[in-house]
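Before any comments, here is the structure.
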Amino acid sequence: MQRKEKIESAVPATWSLRRGDCLDVLADVETSSIDLVYLDPPFNSGLRRQGRKGLTFDDRFVDVAAYRDFIGPRLVQAHRVLRSTGSILVHVDWRTSHHVRFLLDEIFGAESFVNHLVWSYGLGGSGPRSFARKHDDIFLYGRGPDYWFEVPLVPAKSVRLRGRMKKATDVIDIPSINNMAIERTGWPTQKPIELLKMLVNACCPPAGTVLDPTCGSGTTLVAAIESGRRAIGIDLSDEALGIAQKRLERACLDSDIKHPTQQSSRVRRSQPRGTSPLAQSA
């Protein structure tokens, strides 16, 4: 039996980071305690993802069945920890979106489906026998019919409405992070803070708790803190958690939060068959 280590400050938690496979760590999260789960799992790209400064993670599975066996139990745990008014966002791409949608219908119920969001990130390669792929899929499901939601507003682009705000649609036009961006950390799958702030503000009530089970460099957590929410992040990668911790500490200073809480939990590191290390996300 492995020892679990936890470090806490004497003040109420603003954020926490936990090291381990999220399937193990989620088992310790209280039932019905989370307002929003944002899950950005491996995409089963068949690649070893490479970022800057030697940061990498393995995004390879034996086959589709292994991927489904991997993601399914984690969605079950996410369903358990959500409040009745909570919701989940699952961020995937064309490789696995159809498999994940089926699992979400099975675990959350098809009637709990809210939106299929398309993140149009503007970059991507093209091939001679297919359309260029320039978007990811983000599925929004409510835990129940009373899920919390506030429609985000975005700048209108039409000439008639120029200078005004309008309700956001299910197509989100936010560029991916370019290589020279100040916010870039070097983590290979980092998402833009603008995207995560929109999602957090829309799907988590003020002062609510956001959980990212595959937090990577911590963008979701930073978006939560800067939006007045609490944040919990889980990841297997020490490198990713180190980046996330520095970003969270900086975000707390910028937001005038003087006493963030850090938790460091060492949990059982067994991995389901056919999986790769769960270190992805924002």
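Computed values, structure above
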item: In Hz, Karplus ³J(HN,Hα) per residue of segment 142-153 (6.51, -1.76, 1.60; θ = phi - 60°; x = Gly, Pro); result: x, 5, x, x, 9, 4, 7, 7, 10, 4, x, 10
item: Separation between Cα centres of segment 127-183 and segment 197-243, rounded to whole Å; result: 18 Å
item: Leu253 versus Glu30: modelled label distance in nm, points set 7 Å from Cα along the beta carbon direction; result: 3.2 nm
item: Ratio of Rg to Rh over segment 15-254 (Cα coordinates, Kirkwood Rh, two decimals); result: 0.94
item: Among 162-173, 135-146, the order from most to least packed when residues are scored by Cβ within 10 Å on average; result: 135-146, 162-173
item: Alpha-carbon Debye profile of segment 186-255, log10 I(q)/I(0) at 0.20, 0.22, 0.24 Å⁻¹; result: -0.74, -0.89, -1.05
item: DSSP bridge pairs, segment 15-254: antiparallel proportion in percent, nearest 5; result: 50 percent
item: Listed peptides 186-196, 243-253, 105-115 by packing density, highest first (mean Cβ within 10 Å); result: 186-196, 243-253, 105-115
item: Under 5 Å, built H, 5+ apart or other chain: amide partners of Asp59; result: Leu47, Arg48, Arg49
item: Karplus-derived HN-Hα couplings along segment 172-185 (A = 6.51, B = -1.76, C = 1.60, θ = phi - 60°), whole Hz, x at Gly and Pro; result: 9, 9, 10, x, 5, 7, 7, 5, 9, 5, 4, 6, 5, 9
item: Length gained when the stretch Ala132-Phe149 is fully extended (0.36 nm per residue, less Cα-Cα span); result: 2.9 nm
item: Packing-based ranking, highest mean first, of 74-80, 178-184, 150-156 given that Cβ atoms within 10 Å are counted; result: 74-80, 150-156, 178-184
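Any read-out appearing in this document is the output of simple, stated calculations on the displayed coordinates, not a laboratory observation. Predicted model, so just to flag it, every value in this text is computed and none were measured. Using ideal geometry, Cβ is built from the backbone for each residue, glycine included, and neighbour counts are taken over all protein chains shown.
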